[in-house]
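What follows is calculated from the coordinates using simple rules that are stated; it is not laboratory data. Computed from a predicted structure; not experimentally measured. With ideal geometry, Cβ positions are generated from the backbone for all residues, glycine too; neighbour counts draw on all protein chains shown.
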Amino acid sequence: MEIVTHFIDMLLHIDVYLRDVVETYGVVVYVFLFLIVFCETGLVITPFLPGDSLLFAGGTLVGAGLLHYSALCAVLLSAAILGDAVNFRIGKYVGPAVFQKEYRWLKRRYLEQARIFYERHGGKAIILARFVPIIRTFAPFVAGVADMRQGRFLFFNVIGALLWVFLLVTAGFFLGGLSFVQNNFSLFIYLIILLSLSPMIVEGGRQMARKREKGDKTVSSS
């Protein structure tokens, strides 16, 4: 329980933790950021790692003069593109059989959510998923399972990574300098997480509405 509490605290105060890492280890922070983003996007067993909030916090440190904008974006882009590419290849290797079994390290519920998201949006799901936690981790895996053409996947992978990294890092760079954001950073991270999760919440509401509608039709027909 203490580990969970510490992780939540680190997520909500990621600017403080990231600043400490920069001040203690200097340029090594780029390796740290690369590994987190690569694992969050490339490994289906680590969807819980910070993504959006980490990029935004990195942008605030650019604004504070502790990180370089071009270097940060290059590192994050490399990690995001490579992570999705590895995840995609794993999905291709594992194949459709992964949906038939239960795995202790792999949540079937997350896989199903990503599959529905992918089927609904097609190739552009790879771009949209960049802005949705958990789905972001599973979408490239599902695309690999669905045997999407590698060239087509690479196109959506690169476009999604460019939008995700530049939008969030730039937002952190400009907004992080505002006194309101600095004084209410945890609240701002809450808002980013909520906005990121909103597509899943909306989709969950739609599914519940459809199930309720089917139930009403069943009752009325009987």
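In sequence order, what are the phi-derived ³J(HN,Hα) couplings for segment 117-126 according to the Karplus relation 6.51 cos²θ - 1.76 cosθ + 1.60 with θ = phi - 60°, rounded to whole Hz, with x for glycine and proline?
4, 5, 5, 6, 10, x, x, 5, 4, 5
Along segment 66-73, what does the Karplus equation 6.51 cos²θ - 1.76 cosθ + 1.60 (θ = phi - 60°) give for ³J(HN,Hα), rounded to whole Hz, x for Gly and Pro?
My calculation for segment 66-73 gives 8, 10, 9, 4, 5, 5, 4, 5 Hz in order.
Report the residues of segment 38-73 in range of a label on Val27: point 7 Å along Cα→C-beta, backbone N strictly under 20 Å from it.
Backbone N within reach: 58-59, 61-73.
Sorting Asp84, Asp20, Asp52 on the 10 Å Cβ count, fewest up front, what's the list? Can you show the working numbers first?
On the way: Asp84 30, Asp20 11, Asp52 24.
Fewest-to-most Cβ neighbours within 10 Å comes out as Asp20, Asp52, Asp84.
Residue-wise, which Karplus ³J(HN,Hα) couplings in Hz belong to segment 36-48, taking 6.51 cos²θ - 1.76 cosθ + 1.60, θ = phi - 60°, and x for glycine or proline?
The phi angles translate into 5, 5, 4, 5, 5, 9, x, 10, 5, 8, 10, x, 7 Hz.
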